[in-house]
Amino acid sequence: MGDGMRLAGKTALVTGAGSGFGAGIARKFAAEGARVWCADINGAAAEQIAAELGGTAITCDVGNAGSVSEMAQIVLSAGPLDILVNNAGITHLPQAMEDVTEDDFDRVFRVNMKSVYLTARAFVPHFKERGTGAILNVASTAGVSPRPRLNWYNASKGWMITATKTMAVELAPFGIRANAINPVAGETPLLKSFMGEDTPEIRAKFLATIPLGRFSTPEDMGNAACFLCSDEASMITGIAMEVDGGRCI
Ligand SMILES: NC(=O)c1ccc[n+]([C@@H]2O[C@H](COP(=O)([O-])OP(=O)(O)OC[C@H]3O[C@@H](n4cnc5c(N)ncnc54)[C@H](O)[C@@H]3O)[C@@H](O)[C@H]2O)c1
């Protein structure tokens with residue numbers, strides 16, 4: 001934990017750390033000196049990333065109240081927490097809005113939205129007690145500039161952006177900051193689900209909407225997350241920062 005590192009001395013919890021953006025965020029946090037809890041419903045994936053970066057794995061379903069309470073108990077009994085990243089998220093497949101099954105709707109609701117409530121309930125009292133804390137929600141450009149056929153996913157991310165802003169104003173008096181990042185389509189296992197299928201034509205169609213001309217990466221999210229969760233961003237709260245190569249312009 002070198003003193004010159006941007007997250008030296010901090011402890012962070014990253015949900016969905018077993019893959020994609022969450023893994024990129026966990027890696028960057030560890031490289032900048034943080035102690036990292038890697039939480040994922042896929043315990044083996046969490047173990048693998050945790051082992052790689054010298055963190056600790058936790059198996060947790062962020063949409064399940066009992067599972068989140070258990071995770072909070074493990075994390076907080078080991079010591080204080082400085083940073084909470086709500087990154088775990090899923091989507092339904094691209095479909096006409098009325099064709100999405102109730103089961104798929106409920107799954108998106110539970111993992112993308114209810115999880116933010118559950119982790120707030122579990123960790124905000126701790127942050128308030130310490131008078132400090134940084135929350136980062138991984139939302140999406142989908143919450144700002146929605147694409148057709150992903151309505152319930154898009155809406156879950158719009159919800160997350162509003163939740164982030166309320167967290168920011170309500171928690172500011174307690175010294176707690178809350179921000180979001182809005183990634184554009186990224187090179188992760190989830191990308192195929194957004195595109196429906198992964199063909200050169202569909203890739204080209206997505207890329208054509210991103211002025212910088214490439215998909216986002218886990219490293220892009222790690223860099224943005226690191227800044228927003230570090231003390232360099234101590235005057236920044238309530239923003240939903242596009243990390244989108246200009247897509248939302
Ligand atoms: N990839 C993109 O194009 C893109 C774009 C914008 C926003 N996002 C958002 O970024 C976040 C991460 O997505 P990704 O692309 O890295 O996806 P991913 O599928 O690569 O990784 C998501 C991780 O979350 C875990 N997870 C799923 N359900 C969980 C649950 N109930 N409890 C705990 N962990 C769970 C998965 O096991 C997986 O390891 C999501 O919130 C997603 O909506 C992704």
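Assorted remarks:
- Rounded to the nearest 20 debye, the dipole magnitude of the range 113-249 is 440 debye, with +1 charges on Lys and Arg beta carbons, -1 on Asp and Glu beta carbons, and the Cα centre as origin.
- Within the range 120-160: backbone nitrogen closer than 17 Å to the Ala96 label point (7 Å, Cα to C-beta): 148-152
- Mean separation of Cα contacts under 8 Å, 6 or more apart, over the residue count of the range 11-242: relative contact order %: 22
- Distance violations [Cα-Cα > 29 Å] among Lys165/Lys205; Lys28/Lys165; Lys114/Lys205; Lys128/Lys157; Lys10/Lys192: Lys165/Lys205; Lys114/Lys205; Lys10/Lys192
Values in this text are rule-based calculations from the coordinates and carry no lab data. What you are looking at is a predicted structure, and each value in this text was computed from that prediction instead of being measured. FYI the Cβ positions are ideal-geometry reconstructions off the backbone, even for glycines, and counts take in every protein chain you see.
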